[in-house]
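The structure appears right after this line, and notes come after that.
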Amino acid sequence: MISRRSVLLGSAAMAGSVLFGRPGSAPAFTRPLPPTAPVGAESVVSLQLRAAERQLSLPCFNGKSLPLWTFTDAAQPPVVRVKLGQRLNTHLVNGLTRPGEHVSIHWHGIRLPNDQDGVPYLVQPPVEPGESYDYSFVPPDTGTFFFHTHCNSAEQLGRGLIGILIVEGDAPEPYDADELVVLKDWRIDEAGTGFLPFLTQEGAGKAGTFGTVRSVNGAILPDITLPASADVRLRIVNVDPTRLTEIGIEGAEAAVVAIDGIACPPFPLRSWRMGPAMRADLIVRTPADGGTATLVDYFAAKPVPLAHLVAQGPARRKGPFDPAPLAAGRIPAPDLANATRFPITFSATATGAAVADLVADGAPLGPLCLSESNLWAINKASWPSDMHQIPPPMATLERGKTYIFELRNVTPHMHPIHLHGHSFSVLKSNRRDLPEHHADTVLLLPKERMEIAFVADNPGKWMLHCHIIEHQETGMMAWFEVA
Ligand code: C2O
Ligand code: CU
């Protein structure tokens with residue numbers, strides 16, 4: 001498997017490589033994916049979640065506390081671990097008190113039955129303050145996933161209504177450590193005790209509204225202590241509603257072994273762009289005892305250090321870095337020879353284009369009411385601003401058939417496009433050489449065309465939307481039916 005960085009990487013990223021003297025090419029790994037992991041006996045894991053406002057502090061809040069909205073009493077998102085084959089039963093209580101602030105849980109990337117998918121109005125009723133709701137499903141795939149509410153998402157995700165879901169059983173050869181790395185920004189006001197608006201007209205019409213404080217596992221540039229000279233697994237999860245991070249590791253060799261939870265043939269990590277909701281599992285060969293490597297973001301004028309990986313203790317591994325692959329995924333192979341093609345265009349609406357121009361000119365924005373303006377569209381249709389008005393489906397797909405979605409971004413912005421209920425194969429892009437992989441969220445670069453393929457094997461009503469939440473909430477959202 002050969003990995004090549006995009007031929008169209010930003011100059012910042014290229015400058016980063018030069019700055020840190022990274023090699024121009026790295027050896028490919030050759031170990032094939034082991035067969036799919038065996039499914040364990042069904043047993044039940046129970047989870048209690050209570051969405052509520054809680055005044056909590058994280059290391060990145062600079063000693064202050066903030067009115068977070070969380071699922072548990074902890075400021076950090078809950079980390080739920082189940083084994084492949086186990087059923088996850090969740091009791092969700094909405095303890096939020098703002099009138100009308102309903103919630104639901106979307107289990108992002110999990111190929112579950114449609115009525116468990118957590119999209120209010122489309123597949124379940126909204127869970128109003130004081131109400132509760134139960135979810136029950138057996139995740140069919142191992143890997144790194146997350147969950148979040150699917151209502152008023154810019155604010156609810158912005159305040160912290162997220163959790164991590166790990167489905168275990170995909171590592172036939174154990175790694176020396178397994179660490180989560182959760183990337184999230186916070187929109188903190190000047191006093192440091194409240195939040196700035198989560199959705200702005202300027203942001204929604206362009207790349208989104210960014211947080212003011214970047215955090216990794218709730219801290220600014222934390223030290224993550226790891227065994228030395230070891231092969232450690234880092235599960236990188238971008239839960240930010242807005243920010244794209246182009247991850248890389250300085251000072252250690254690293255490989256990507258899974259994308260969006262699903263194993264891929266390992267390829268050397270030079271850098272990998274992760275839009276909101278995207279996950280990547282890395283294996284890093286840590287430095288010798290006392291050494292430090294750095295997780296960096298290359299998507300900036302100068303690479304931004306995100307976390308220090310501090311190596312401690314006796315060496316665990318000798319010999320060249322050749323990371324153990326994860327067990328192959330269980331995603332049905334698309335039948336490309338008999339696939340039906342379906343073009344999907346992501347565009348700005350006339351209003352959206354006008355807003356972007358106004359912002360570019362520095363002109364003051366008029367009294368445009370965001371709730372009335374749809375800035376983005378999918379195949380020329382904008383999702384109505386009123387979430388509970390469900391528009392007609394974009395398409396009805398025949399159950400069991402293979403579809404190739406021809407994604408086409410005609411905007412000058414990036415869009416991480418997420419498909420509910422299915423993992424797809426990323427086939428090709430007109431702008432990049434992409435490694436072979438599956439995904440549930442794929443990043444469309446400006447003007448990029450990309451083909452993805454999947455078997456429409458999961459009946460129901462499924463969303464397709466941009467995961468820059470402000471784009472989603474201002475129109476870049478649609479749904480299709482599998483029947
Ligand atoms: Cu993680 Cu509909 O989204
Ligand atoms: Cu978008």
- prompt: Is it possible to state the helix-based mean residue ellipticity at 222 nm for the chain, with each DSSP H run of 4+ residues giving -39500 (n - 2.57), the sum divided by total residues, to the nearest 500 deg cm²/dmol? What is it?
  reply: -2000 deg cm²/dmol
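Using the Cα centre of the chain as the reference point, and only Cβ charges (+1 on K/R, -1 on D/E), how large is the resulting charge dipole? Debye, rounded to the nearest 20.
So the magnitude is around 1000 debye.
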- prompt: Taking neighbour counts of Cβ atoms within 10 Å as a proxy for exposure, in what order, fewest first, do VAL304, VAL45, VAL237 appear?
  reply: VAL45, VAL304, VAL237
message: What is the distance in Å between the Cα centroid of the range 30-65 and that of the range 159-218?
response: 13 Å
task: Would you count, across the chain, every pair of lysines whose alpha carbons are under 19 angstrom apart, provided the pair is eight or more residues apart or spans two chains?
output: 6
message: Using the Karplus curve 6.51 cos²θ - 1.76 cosθ + 1.60 with θ = phi - 60°, what ³J(HN,Hα) values do you get for each residue of the range 231-243, in whole Hz, with x for Gly and Pro?
response: 9, 10, 9, 10, 9, 8, 10, 9, 9, 5, x, 10, 7
- request: Express the relative contact order of the range 147-276 as a whole percentage, based on alpha carbon pairs under 8 Å and six or more residues apart in sequence.
  value: 24 percent
query: If contacts are Cα pairs under 8 angstrom and at least 6 residues apart, what is the relative contact order of the range 390-483 in percent?
result: 40 percent
query: Can you list the HN-Hα couplings for the range 99-110, worked out from phi with the Karplus curve (6.51, -1.76, 1.60; θ = phi - 60°), rounded to whole Hz and with x for Gly and Pro?
result: x, x, 7, 7, 9, 5, 10, 9, 8, 5, x, 7
- line: For ALA483 and THR97, extending 7 Å from Cα along the Cα-Cβ vector and measuring point to point gives, in nm, a value of 4.5 nm
field: Computed label-point distance, nm, for sites GLN312 and LYS380 using a 7 Å Cα→Cβ extension
entry: 6.2 nm
query: Taking θ as phi - 60°, what are the ³J(HN,Hα) couplings along the range 342-351 by the Karplus curve (6.51, -1.76, 1.60), each to the nearest whole Hz, with x for Gly and Pro?
result: 9, x, 9, 10, 9, 9, 8, 7, 4, 5
- prompt: Which length gain, in nm to one decimal place, applies between VAL39 and THR396 when the Cα-Cα distance is subtracted from 0.36 nm times their residue separation?
  reply: 125.3 nm
- prompt: For the peptides 284-292, 402-410, what is the packing order when you average, over each peptide's residues, the other Cβ atoms within 10 Å and list the highest mean first?
  reply: 402-410, 284-292
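Which of rounded, prolate, oblate describes the range 290-363, given a ≥ b ≥ c as roots of the alpha-carbon gyration tensor eigenvalues and a/c under 1.5 marking rounded, otherwise prolate only if a/b is larger than b/c? Before the final figure, lay out each step's value.
Details: a/c = 5.25, a/b = 1.36, b/c = 3.87.
Taking the square roots of the gyration eigenvalues as a ≥ b ≥ c, the range 290-363 is oblate.
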message: Using +1 at the C-beta of Lys and Arg and -1 at the C-beta of Asp and Glu, which of THR36, ILE468, GLN156 has the Cα lying farthest in the positive direction of the dipole of the chain?
response: THR36
- line: Shape call for the chain, from the Cα gyration tensor axes a ≥ b ≥ c (a/c under 1.5 means rounded, otherwise prolate when a/b beats b/c, else oblate), comes out rounded
task: Just order 46-52, 346-352 by mean Cβ neighbour count inside 10 Å, highest at the front, would you?
output: 346-352, 46-52
- prompt: How big is the gap, in Å, between the Cα center of the range 223-247 and the Cα center of the range 385-463?
  reply: 26 Å
- prompt: Percent relative contact order of the chain, based on C-alpha pairs within less than 8 angstrom and at least six residues apart?
  reply: 16 percent
- prompt: What is the fewest-to-most order of THR149, THR90 by other Cβ atoms lying within 10 Å of their Cβ?
  reply: THR90, THR149
- request: Have a look at the DSSP beta bridges in the chain and tell me what percent are antiparallel, nearest 5.
  value: 70 percent
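Throughout, read-outs are computed from the coordinates displayed, never taken from laboratory work. Bear in mind the structure is a predicted one, so any value in this text is a computation, not a measurement. When we count neighbours, we look across all protein chains shown, and the Cβ atoms used for this are built from the backbone with ideal geometry, even at glycine.
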